[in-house]
Amino acid sequence: MGQKKNKTTFGTLALAMFWLVVFSGVALAIPFDVKDPYLSISNIMVVNPWASLTRNYHYWSSQFFLIFSLIHFYEHYHYKEKIGLKKGISFRLSLAVLIIFLAMITGFLLKGDADSQQARQILQTLSERLPLIGKSLAFSLLGDPESYQLIYVHHIATFTVFIAIAMVEHGRKFWPPALDFVASAAGLFILSYLLSAPLHDNLNPAVKGPWYFVGFQEILHWLRHPEWSLLIFLAVLVLVYLANSAKDKTMFLSKRSLLIFVGLYSVLTIIGLFFRGQNWKWTTPWSQEYKFEVLHNFRTPSVNFSPDFELNEAIASPAIQGRKESCLACHTGTHGFTDSHRPEAIGCISCHAGNPFATGKEQSHRNMILIPGNLSTAKQSCGTTQCHPQITERVPTGLMATLSGMISVNRFVFNEQDNPDEPAHVSQLGNSAADEHLRNLCVRCHLGNPKTEPGPVNEFSRGGGCLACHLNYSPQAEKELAENNGEMMQAHPEVSLKITNNHCFGCHSRSGRIATNYEGWHETTLTKEEMPDSANYRLIEGERVFVKKQEDVHHKLGLECIDCHHSYELMGDGNHYAHQENQQDVQCSDCHIDDEPRTIAAENLDNESAIIAALRFGNIAGKKLLLTEKHKRALINTYVENDSVYFITKNSGVKMTMRAPAAVCSRNEAHSSLTCSSCHTSWAPTCIGCHNAYDVNERGYNMIENHEQKGTWVEYIGQYEAKLPTLGVRKSKDKTEVVPVIPGMIMTIDLKSYTGNENDPEIFHRLYAPASPHTTSAKGRSCVSCHNDPVALGYGEGDLNYIITNGKGKWEFNSKYAADPHDGLPADAWIDFMKTRTEKVATRSDLFPFDEQQQQRILTVGACLTCHDENSAVMQKSLNHFDELLKNRSSKCIVPEWK
Amino acid sequence: MNDRRTFLKIAIAGIVAFFVFVWNKLTLNHIEATQQNTSVVPLNKNKEVTFADRFIIVNQNNSTTVFSAHCTHLGCKIDKYEGDRLVCPCHGSEYNLQGEVMKGPAYKNLNVIPSQISDDGKNIIIGA
């Protein structure tokens, strides 16, 4: 008997654990505040390492109490043929199993974190759905939804006392063997020192119950009527009862059923713990979000008795969103934030992640996001539930993140797809020649390209997610970063709405070069050494030489990029667009209005626009703002008052009155199909004669993986020019418009240099692209600059002359450039003189050059302009009555003949 | 002996039933006495979806609707608006902005809570 009494079983270990739970619980009650559990526990973890150790001790002893108690059942069932308890004891023992789980779950609820709050809701709902007494039971168990008082009472008294009684009645002893007690106590000390009890940071969107209930959570997820799941509990308790008290076959079947249940439940537990992430979606250890969505549950720092900060600083640091963050105990006096991003408001972990409850530098900074805002981690920083989740969801769908048009056109040009308008995404590049070409030469400029080094945005910057636009360094922040003297930096860069042209410049000074065009700079093919020493020249990125040209009239007036472009254009609106002109929303006519303006009342703004407007301009209540025609978005820096339209620059706050378009623009006769930019573009950059070949020996770069490589596509550029754009016709379902175009792709591609297949032909294309050059001039181009100009018509540079011989008029064209051997057209031409060109003509499937008939109509007017000044009365009259004038022309007027 | 045991059993069951009755009554009375009938929450009409603890306020097409934030599956508080769906964090049930279930395990629509906008338009009185 004596031997049995001192024998170590899981029962005696469970008893030892029980007393350790009780002792540590009593000690934990001292720092624990039932009025604000979450704050008090975070406080314990940050400022009181001894209390933290005690909490860990309470946690681990209770977990092992549960585990050992359950194993103790197995011990009995496995080693004894028959338990044969009396029915009363057996009943109370089954009840004790339920109470043990209730004691455990109430302990879980008393953390008061996001996991606990949702678990409490589930427990309440399940209890309430019990018939007859559900509502009373739920309230009696959990109490008032705003209070933890009743849960606390049950946890420390009701359930604990019941368990104690049941244990003593069952085991017939109060105390465990001394050795078991000492060994358990010592083992738990080590464990409690090494691993902290979990506490949710209330930012991570994944919520889970305690480990012993995640299997149950998995079951609940399958059930439309989850209250039926309570029958599982009942069944288990009945099986325990029968296993303890029944005989023969019933007992045997009960034991077997329990064993099967435990096996199945273990599988469900593993699924719930390791394969379910945010919103209980399936996830796998190799998924990108696994660490964030699943492993955060296991993020447990060890107890640190000598924190890396002064305790006073920790005590004085503010509570943030109901919790204490250790970050602010070290990072005191950090400044430079906008009001909404102050650490007192959102803490540090909202953006930078890490472990807010660890107290050593290394542990606190583990899994930290040093540079938040990159799209790969945006959901965990800028996009957490309380901050900007809708925006971080939208941004990856926008063109600055997908590069859809660039990819699709490139594949089209490489003859890898028939249509240049297929949606694509930079994250899905393959290994084709076109995609490798992009990888080597083009795809550095996308928002998903991560920013890896701290520092301000400059002309070398590419990508960086949210930071690409929203990051600003103060001079002090920049100075501290440059000094980098090992001391903790206090000047934090600002993340704000102060988006300047410089933010756009790095990417948009390339390709279409709208950023440089806008400021009036045109890229040349000069080298740095060849650059003249003149204010008319500018060096960009240390090697690209630009020459001064006419700036955009809006730039002259002080407008910045964001003064026209709104948040849904820049951050996407959730739709996947094929090309930039599809996503782009604002049109000239949205602001320069000649009839009734489209407006929206400030009260009806969408939340994002309302917040941005409030942050920029304060109270806008009562104002009527302009609405775009295309996507019906508000232009928050405009308003209509007393029949006038006002415009305010976003960063500098300068107020302007909008001018209505000139009468010549709004006339509905001739030129009604011309877009504003076809006339008001003062110049556009052009490039012709580009050749592409793959060089296996050349050092290149992989812009997706950001590393150097041997072998790369090389672009041999032709010549750059700045001139009035060519005009083309864009046809959509709703309208046909004349738009400015530029020679986007007059190029050759040596495909075999990449594939190694000698049968692969050299690819040649003569494609023009729609352009929005951002070189707007207040005065439109002249009549002759279109009607008598070979470049405008698409013939390329050369002499276009109207010859009259023997009373017959005829247009003649002599090109400046020699015929290209690939297609016989001059190097810069889009079309052959007086011919209709079909097939692959443009980088869009809806863009065309003027056909023969259209050329005839344009050049007929051009013939008139060879004699009549464009400001003459007859030409002005011709704008409304051209056909009539032509019919009644004098005999001196010779119109062209086309055959 | 058997009669005495039977009597005691019945008596104990009666006493337990009586206690259950009293407990049920006192709890229900307490709930009724302490229940907060209305809540006043600031109204932001610009915001399509506002999560206000137990409520979700949805502004759409110039009308404001208040839903209970509790998922109809198990009562978890819905606190996420992803895409155009209200998403429950516990088991991933999804609802549209009309409160209709778009994805299970929930199968009932969100409960609409009666509400009234205050005269000055700045608050919404929920549960009125």
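The values are calculated or read from the model by the stated rules, or taken from the named source; none is laboratory data. Note that the structure is a prediction, hence the values are computed from the model and not measured. No Cβ is skipped: glycine too gets one built from the backbone with ideal geometry, and neighbour counts run over all protein chains shown.
Among the residues of segment A:610-626, is there at least one that is β-branched (Val, Ile, Thr), over 30 Å from A:ARG513 (Cα atoms) and more than 13 Å from every other protein chain (Cβ to nearest Cβ)? No, that holds for no residue. Close contacts from segment B:19-31, counting a first residue that is exposed (fewer than 14 other Cβ atoms within 10 Å of the Cβ) and of a type in the set (Asp, Glu) and a second that is at pLDDT 85 or above and in a helix (DSSP H, G or I), with Cβ to Cβ under 8 Å and a gap of 6+ residues or different chains, come to none at all.
Can A:LEU179 be described as within 49 Å of the chain's Cα centre (by Cα) and either β-branched (Val, Ile, Thr) or more than 14 Å from every other protein chain (Cβ to nearest Cβ) (or both)? Considered against the rule, which asks whether it is within 49 Å of the chain's Cα centre (by Cα) and either β-branched (Val, Ile, Thr) or more than 14 Å from every other protein chain (Cβ to nearest Cβ) (or both), A:LEU179 comes out as no. Restricting attention to segment A:77-126, the residues that are more than 27 Å from B:ASN24 (Cα to Cα) and free of Cβ contacts under 8 Å to residues at least 60 places away in the same chain add up to 4. Got at least one residue in segment A:267-275 being assigned to a strand (DSSP E or B), within 14 Å of chain B (Cβ to nearest Cβ) and closer than 19 Å to B:GLY104 by Cβ? Looking through segment A:267-275, none of the residues is assigned to a strand (DSSP E or B), within 14 Å of chain B (Cβ to nearest Cβ) and closer than 19 Å to B:GLY104 by Cβ. For segment B:56-74, residues that are assigned to a strand (DSSP E or B), within 10 Å of chain A (Cβ to nearest Cβ) and either over 22 Å from A:LEU625 (Cβ atoms) or in contact with a helix residue (DSSP H, G or I) (Cβ under 8 Å, 6 or more places away or on another chain) (or both) total 1.
The residue of segment A:537-592 that is surrounded by the most Cβ atoms within 10 Å (Cβ to Cβ), among those that are among the aliphatic types (A, V, I, L, M) and assigned to a helix (DSSP H, G or I), is A:ILE562.
Answer yes or no: is there a residue in segment A:817-833 that is loosely packed, with under 13 Cβ neighbours inside 10 Å, over 30 Å from A:GLN417 (Cβ atoms) and modelled with pLDDT under 95. Scanning segment A:817-833, I find at least one residue that is loosely packed, with under 13 Cβ neighbours inside 10 Å, over 30 Å from A:GLN417 (Cβ atoms) and modelled with pLDDT under 95, so the answer is yes.
Of the numbered criteria (1) more than 14 Å from every other protein chain (Cβ to nearest Cβ); (2) surrounded by 20 or more Cβ atoms within 10 Å (Cβ to Cβ), the one A:ILE122 fails is (1). The residue that is surrounded by the fewest Cβ atoms within 10 Å (Cβ to Cβ), counting only those in segment A:129-139 that are facing another protein chain (nearest Cβ under 8 Å) and assigned to a helix (DSSP H, G or I), is A:LYS135.
Residues of segment A:704-737 that are aliphatic (A, V, I, L, M) and either over 23 Å from A:ASP421 (Cα atoms) or surrounded by fewer than 20 Cβ atoms within 10 Å (Cβ to Cβ) (or both): A:ILE704, A:VAL714, A:ILE717, A:ALA722, A:LEU724, A:VAL729. Determine whether segment B:32-50 contains at least one residue that is facing chain A (nearest Cβ under 10 Å), surrounded by 15 or more Cβ atoms within 10 Å (Cβ to Cβ) and in a helix (DSSP H, G or I). Looking for residues that are facing chain A (nearest Cβ under 10 Å), surrounded by 15 or more Cβ atoms within 10 Å (Cβ to Cβ) and in a helix (DSSP H, G or I), one finds none in segment B:32-50, hence no. Can you confirm whether segment A:127-141 contains a residue that is in contact (Cβ under 8 Å) with a residue 24 or more places away in the chain and either under 30 Å from A:GLU293 (Cα atoms) or in contact with a Lys or Arg (Cβ under 7 Å, 6 or more places away or on another chain) (or both)? There is no residue in segment A:127-141 that is in contact (Cβ under 8 Å) with a residue 24 or more places away in the chain and either under 30 Å from A:GLU293 (Cα atoms) or in contact with a Lys or Arg (Cβ under 7 Å, 6 or more places away or on another chain) (or both). Going by what's in this entry, would B:ASP53 be described as more than 9 Å from every other protein chain (Cβ to nearest Cβ) and either touching a residue at least 60 places away in the same chain (Cβ under 8 Å) or within 23 Å of A:GLY383 (Cα to Cα) (or both)? It is true that B:ASP53 is more than 9 Å from every other protein chain (Cβ to nearest Cβ) and either touching a residue at least 60 places away in the same chain (Cβ under 8 Å) or within 23 Å of A:GLY383 (Cα to Cα) (or both).
The set of residues in segment A:343-359 being under 25 Å from A:ASN56 (Cα atoms) and β-branched (Val, Ile, Thr) consists of A:ILE349, A:THR359.
If you go through segment A:601-622 one residue at a time, do you hit one that is surrounded by 20 or more Cβ atoms within 10 Å (Cβ to Cβ), in contact (Cβ under 8 Å) with a residue 12 or more places away in the chain, closer than 17 Å to A:HIS566 by Cα and among the charged types (D, E, K, R)? Yes, there is a match, as at least one residue in segment A:601-622 is surrounded by 20 or more Cβ atoms within 10 Å (Cβ to Cβ), in contact (Cβ under 8 Å) with a residue 12 or more places away in the chain, closer than 17 Å to A:HIS566 by Cα and among the charged types (D, E, K, R). Restricting attention to segment A:147-163, the residues being within 15 Å of A:VAL26 (Cα to Cα), hydrophobic (A, V, I, L, M, F, W, C) and in contact (Cβ under 8 Å) with a residue 12 or more places away in the chain number 2.
Can you tell me which residues in segment A:384-415 are crowded, with 21+ Cβ neighbours inside 10 Å and modelled with pLDDT under 90? Listed by number, the list holds a single entry, A:THR384. Residue count for segment A:73-119 under the criterion of being assigned to a helix (DSSP H, G or I) and either among the hydrophobic types (A, V, I, L, M, F, W, C) or within 14 Å of another protein chain (Cβ to nearest Cβ) (or both): the result is 25. Taking segment A:277-368 and the helices (runs of 4 or more DSSP H) fully enclosed by it, the elements with 3 or more residues that are closer than 24 Å to A:PRO37 by Cβ are at A:311-316, A:327-330, A:343-346.
Of all residues in segment B:78-126, those that are assigned to a strand (DSSP E or B) and either touching a helix residue (DSSP H, G or I) at 6+ places or on another chain (Cβ under 6 Å) or of a type in the set (Asp, Glu) (or both) total 3.
Let's see how each residue does on (1) modelled with pLDDT under 90; (2) within 55 Å of the chain's Cα centre (by Cα); (3) under 19 Å from A:CYS786 (Cβ atoms); (4) surrounded by fewer than 16 Cβ atoms within 10 Å (Cβ to Cβ):
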site: A:LEU865; (1), (2), (3), (4): no, yes, yes, no
site: A:ASN871; (1), (2), (3), (4): yes, yes, yes, yes
site: A:HIS881; (1), (2), (3), (4): yes, yes, no, yes
site: A:PRO896; (1), (2), (3), (4): no, no, yes, no
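The set of residues in segment A:276-287 being surrounded by fewer than 17 Cβ atoms within 10 Å (Cβ to Cβ) and either in contact with a strand residue (DSSP E or B) (Cβ under 8 Å, 6 or more places away or on another chain) or within 14 Å of chain B (Cβ to nearest Cβ) (or both) consists of A:LYS281, A:TRP282. Would you point out the residue of segment A:378-410, among those that are outside any helix (DSSP H, G or I) and away from chain B (no Cβ under 14 Å), that is nearest to A:TYR577 (Cα to Cα)? So, considering only residues that are outside any helix (DSSP H, G or I) and away from chain B (no Cβ under 14 Å), the one nearest to A:TYR577 (Cα to Cα) is A:GLY398. In summary, A:ALA157 fulfils each of the numbered conditions (1) assigned to a helix (DSSP H, G or I); (2) away from chain B (no Cβ under 14 Å); (3) buried (at least 18 other Cβ atoms within 10 Å of the Cβ) with the single exception of condition (3). Candidates are the residues of segment B:76-94 that are among the small types (Gly, Ala, Ser) and surrounded by fewer than 24 Cβ atoms within 10 Å (Cβ to Cβ); the one that is farthest from the other protein chains (Cβ to nearest Cβ) is B:GLY83.
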